[in-house]
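The values are calculated or read from the model by the stated rules, or taken from the named source; none is laboratory data. Every value quoted in this text rests on a predicted model; they were computed, and no experiment measured them. Heads up, the Cβs are rebuilt from the backbone with ideal geometry, glycines too, and the neighbour counts pull from every protein chain shown. These area figures cover heavy atoms from the full protein model, side chains too; ligands, DNA and RNA do not enter into them. Shrake-Rupley method; radii C 1.70, N 1.55, O 1.52, S 1.80 Å.
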Amino acid sequence: MSTLHEEIQKRRTFAIISHPDAGKTTLTEKLLLFGGAIHVAGAVKSNKIKKTATSDWMEIEKQRGISVATSVMGFNYGNYKINILDTPGHQDFAEDTYRTLTAVDSVIIVIDAAKGVEMQTRKLMEVCRMRNTPVIVFINKMDREGKDPFDLLDEVEAELKIGVRPLSWPINIGQRFKGVYNIYEENLNLYTPSKQTVTESVEFRDINSPELEKYIGEADAVKLRADLELIEGVYPSFEVSEYLDGHIAPVFFGSALNNFGVKELLDCFVQIAPSPRPIQAVEREVRPEEEAFSGFVFKIHANMDPNHRSCIAFVKICSGKFERNANYKHIRHGKMMRFSSPTAFMAQRKSTVDEAWPGDIVGLPDTGNFKIGDTLTAGEELHFKGLPSFSPEMFKYIENTDPMKTKQLNKGIEQLMDEGVAQLFVNQFNGRKLIGTVGQLQFEVIQYRLLHEYGAQCKWEPVSLYKACWIESDDAEALDAFKKRKYQFMAHDKEGRDVFLADSGYVLQMAQSDFPKIRFHFSSEF
């Protein structure tokens with residue numbers, strides 16, 4: 001019988017984040033390949049191979065070649081149980097990614113060797129910094145022409161504001177790429193382009209041995225020795241504690257598409273990455289070793305199985321052991337619930353689980369009981385915080401184009417809003433439904449999914465609004481006066497809270513100065 005402590009030590013729960021097209025989904029796939037979770041890597045972009053990437057399974061993702069929903073995948077590697085959360089790279093889905101980062105213990109950032117650090121990556125790094133999440137950097141696409149590795153390291157330090165320490169080093173780049181030297185394990189990995197096989201490594205403790213020339217030629221051997229000497233001179237020696245505190249990011253080089261440099265990353269990752277950590281609830285700090293179960297919902301996904309119109313709530317287990325059919329308390333509803341078919345995921349393939357441990361992600365079938373941020377416990381009143389909804393920046397009225405399908409449309413909107421894809425506001429003045437999102441692409445996704453999953457057709461009507469802000473006040477009269485004055489611009493969100501729809505930055509500023517007793521909030525956590 002394994003103990004709680006042993007199970008916690010085995011767990012590694014992390015997210016892979018990057019700018020679109022840096023190769024994040026490809027890296028996820030190769031990690032699954034090593035874990036024996038899949039046996040053939042599907043080429044994501046190739047039309048010849050109809051198997052699309054394991055982690056992209058929604059129709060719209062297959063058509064666009066981008067990941068829009070965060071996928072959860074678990075697999076075993078050696079003695080470790082690894083949970084990967086693949087996040088959408090596209091910035092229109094940033095909010096989904098911010099939430100996912102609240103459910104992981106560490107992060108791998110993928111950077112394209114040719115493009116360097118891009119904007120989206122910078123934003124996500126800020127979220128990691130806010131939470132002191134440890135970060136490992138994987139510099140991808142070394143088999144294509146790109147920037148000089150030292151320049152890339154400088155760029156990562158400057159742009160992501162974190163110290164770096166290379167643990168592997170590329171031997172040349174692009175057409176002349178010959179492999180990587182694994183500094184962490186002191187061995188040489190020679191490159192042969194292959195999407196499926198794993199290259200053999202040669203042990204090389206003494207980098208000055210003339211054997212090196214046999215493998216990589218004289219010019220590259222001389223350069224490799226000089227580079228390694230420079231690295232030892234410039235970068236501090238690697239300390240795991242510095243990485244765990246979020247001060248230093250270890251860096252690996254490779255080519256995910258050709259399955260190169262990925263194993264070095266994974267082998268080092270399982271050794272140094274943190275097992276599940278304590279999580280701060282509103283009431284107190286919750287430690288994973290506690291006997292009593294607790295967890296929170298960080299994502300809700302509708303229709304993972306097109307044959308069953310059901311939602312799944314993803315729960316991150318924070319403490320104790322989760323058991324099937326046990327009674328747990330749903331804090332917001334204040335009632336006990338039991339779950340007869342909790343699931344674990346391997347992309348879309350899911351299997352029923354009898355027990356799960358801190359760090360694991362379980363899917364609970366949801367018939368409308370859950371919202372993002374809900375807490376489940378063995379009975380204690382706990383509230384996990386830190387799952388914000390941000391103030392949307394794009395707005396459209398949603399109109400029904402088929403009056404016969406009103407019911408389907410309303411159900412579809414309700415489920416998609418529960419997922420946190422976008423936010424719904426109902427105008428108090430004319431009762432019209434307004435959808436607010438962070439990016440344009442979400443409107444397309446909503447329209448597509450309403451049609452294909454709910455059989456409901458909608459059309460969008462543009463509306464020019466600047467921002468939606470939640471308002472509150474301790475002075476009931478002031479609140480009342482504000483609502484009367486602005487009645488055409490007042491709405492309710494899904495929870496029935498008051499939302500002010502400002503149509504320009506100037507109007508918002510004036511409102512803030514004319515009504516000093518009213519507080520304006522730009523995220524729903526207040």
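Below is a table of values for the structure above.
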{"quantity": "Dipole of the stretch 318-383, positive end: most advanced residue of Ala378, Pro358, Ala344 [Cβ charges, Cα centre]", "calculated": "Ala344"}
{"quantity": "Residues whose placed amide H lies under 5 Å from that of Arg332, excluding near-sequence neighbours", "calculated": "Thr375"}
{"quantity": "Exceeding the 19 Å Cα-Cα cut-off - candidates Lys115/Lys263; Lys24/Lys115; Lys335/Lys407; Lys178/Lys214; Lys299/Lys371; Lys24/Lys123", "calculated": "Lys115/Lys263; Lys335/Lys407"}
{"quantity": "Accessible area, probe 1.4 Å, largest first, for residues Ser241, Ser319", "calculated": "Ser241, Ser319"}
{"quantity": "Candidates per chymotrypsin sites (Phe, Trp or Tyr not before Pro) in the stretch 234-282, loop by DSSP, up to 10 other Cβ within 10 Å", "calculated": "none"}
{"quantity": "Segment Arg485-Trp460, extension gain: residue separation times 0.36 nm, minus the distance between their alpha carbons", "calculated": "6.2 nm"}
{"quantity": "Of the trypsin sites (Lys or Arg not before Pro) in the stretch 95-188, those whose Cβ has at most 11 other Cβ within 10 Å and which sit in DSSP loop", "calculated": "Lys161"}
{"quantity": "About the Cα centre, charge dipole magnitude for the stretch 423-526 (Lys/Arg +1, Asp/Glu -1 at Cβ), debye", "calculated": "280 debye"}
{"quantity": "Theoretical FRET efficiency, 1/(1+(r/R0)^6), r = Cβ-Cβ of Asp402 and Glu289, R0 51 Å, to 0.05", "calculated": "0.40"}
{"quantity": "Nearest-10 value in Å² for the accessible area of Tyr448, using the 1.4 Å probe", "calculated": "50 Å²"}
{"quantity": "Probe 1.4 Å, all protein chains present, accessible-area order of Lys10, Lys321, largest first", "calculated": "Lys10, Lys321"}
{"quantity": "Cleavage-rule hits (trypsin sites (Lys or Arg not before Pro)) in the stretch 488-521: DSSP loop, at most 16 neighbouring Cβ within 10 angstrom", "calculated": "Lys494, Arg497, Lys517"}
{"quantity": "Extension reserve of the Gln280-Glu472 stretch, reckoned as 0.36 nm per residue once the Cα distance is removed", "calculated": "66.5 nm"}
{"quantity": "Within the stretch 397-445: Cβ-based charge dipole about Cα centre, in debye rounded to nearest 20 (Lys, Arg +1; Asp, Glu -1)", "calculated": "200 debye"}
{"quantity": "Dipole of the stretch 371-489, positive direction: furthest Cα of Ile398, Val426, Gly439, with charges on the beta-carbon", "calculated": "Ile398"}
{"quantity": "Debye, to nearest 20: dipole size of the stretch 354-492, +1 on Lys, Arg Cβ, -1 on Asp, Glu Cβ", "calculated": "1000 debye"}
{"quantity": "Linear extension gain, Arg338 paired with Gln440, 0.36 nm per residue minus alpha-carbon span", "calculated": "32.8 nm"}
